Amino acid sequence: MLVIKTIQIIFVWEYIQKQYAAGHDWKYHDEEHWSPLCKEGTHQSPIALYDFSAKSMHYVPFNLTGYGNTFTAKMKNNGHSAEIRPDFKNNTPEIKGGGLPETYQMDHLHFHWQSEHTINDYRFPLELHIVHYAKQYGNLDEAKLHVGGVAVVAVLFDLSPDDDEEIQPIFDILESIQDDLNDPKELNDFVVKRFIPRDHAGFYRYEGSLTTPGCDEGVIWTIFTQTMPISRHQVETFEKIRTVDHTMLKENFRSLQPLNDRTVYIKISPIPHPRSTADTKKASVVAYLIPCIFYILFKNNS
Ligand SMILES: [Zn+2]
């Protein structure tokens, strides 16, 4: 009996090991046990983005189709994130232009709280990933096997004093899926456009990877420079999501990865924005210092 039990335990242990290796079972704050490419890859995501080192590029504008359509969607807690899968019904939104090499179809959307990418060392409270695959490959799994097969569009959310009403419907669903793993709830009247900044002319571009195991590389990243607003209360709704072992998923971002030999490009929007809290603080320090310097110079000369 004891021998049979021991054999059963060995089988279960081997199964768990295989699941880890395949990237099916993994945890945040446990990156040393993520699948091999996550540790050995050299073009991984997310990365720290900086204005001063990004190379300026003049990409043609994005061409988005179907982003304004209204869909019925399913939203679920997958144990690592809150995921939205709209029912596209042969009317799948597409993105092209903006320096993308192909036309990409939307697959799904999911969130990271706090943000995975940082801009000028500022980490935002929320980051949305809109995952797309090159149309020619037909689906995400096939597209992952090819360089440039997957394109992720990232939207950063920054804190605002009030709840953002436009995106409020997802929070009503979020509350109902916090404890229910892989039990999708219906989300009516879902419009992707409400989740992307109205000015999406400015963005960072680089080649990286998926930010969860298996960390497949060859992913084309677009991170809009303009942010969307979100309240502290709305962010807290994400933080109450529970993982597979029923602990609260307080945050679900992967650590920053080395840039290595890659170049980050930036397309600057023609519309100027105070982009982030960090930038605004820097700008206000400069705005304070300049009159002080002039005052000292003037005083010394008079
Ligand atoms: Zn993601």
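Each residue, ASN69 and ILE271, gets one label point 7 Å from its Cα in the Cβ direction; the gap between the two is 2.5 nm.
Between ARG242 and LYS96, the distance separating the two model label sites (each 7 Å from Cα on the Cα→Cβ line) works out to 4.7 nm.
Run the dipole for segment 189-252 about the Cα centre, Lys and Arg Cβ at +1, Asp and Glu Cβ at -1, nothing else charged, and hand back the magnitude in debye, nearest 20. Intermediate values should be presented prior to the final figure.
On the way: 8 positive and 9 negative charges, 68 e Å.
For this selection, approximately 320 debye.
Across q = 0.13, 0.15, 0.18 Å⁻¹, segment 40-274 modelled as identical point scatterers on its alpha-carbon atoms has Debye log10 I(q)/I(0) values of -0.76, -1.06, -1.60, in the order of the q list. Say the dipole of segment 40-274 comes from +1 at the beta carbon of Lys and Arg and -1 at that of Asp and Glu; which of THR243, ALA201, ILE47 then lies farthest toward its positive end? Of the listed residues, the answer is ALA201. If the chain linking HIS108 and ASN182 were pulled fully straight, counting 0.36 nm for each residue of separation and taking away their Cα-Cα distance, it would gain 25.1 nm. Report the net charge of residues surrounding HIS58, where surrounding means a beta-carbon distance below 13 angstrom and charges are Lys +1, Arg +1, Asp -1, Glu -1. Charge balance near HIS58 sits at +3. For a label point 7 angstrom out from the Cα of LEU145 toward its Cβ, which stretches of segment 97-130 have the backbone nitrogen within less than 19 Å? Answer for segment 97-130: 105.
Between SER209 and SER45, VAL219, the built amide H atoms are under 5 Å apart, and every one of these is 5 or more places off in sequence or on another chain. Placing dummy labels 7 Å off each Cα toward the beta-carbon, the span from GLU31 to HIS58 is 3.8 nm. Over 24 Å apart at the Cα level, from the set LYS55/LYS144; LYS74/LYS135; LYS39/LYS76; LYS39/LYS267; LYS89/LYS185; LYS89/LYS240, are LYS55/LYS144; LYS39/LYS76; LYS39/LYS267; LYS89/LYS240.
Expressed in nm to one decimal, what extension gain is obtained for the pair ARG262 and LYS39 from 0.36 nm per residue of sequence separation less their Cα-Cα distance? Present the calculation step by step, with values, prior to reporting the outcome.
Values: separation 223, 0.36 × 223 = 80.28 nm, distance 1.72 nm.
Between ARG262 and LYS39, full extension yields an extra 78.6 nm.
Between ASP162 and ASP189, the FRET efficiency estimated from the beta carbon spacing at R0 = 22 angstrom works out to 0.55. Can you grab the distance from the C-alpha centre of segment 120-199 to the C-alpha centre of segment 71-118, Å, no decimals? A separation of 5 Å, based on Cα centres.
Values quoted throughout were computed directly from the atomic coordinates according to the rules given, and no laboratory measurement underlies them. Computed from a predicted model, the values in this text were never measured in an experiment. Every residue, glycine among them, receives a Cβ derived from its backbone with ideal geometry; neighbour counts consider all protein chains shown.
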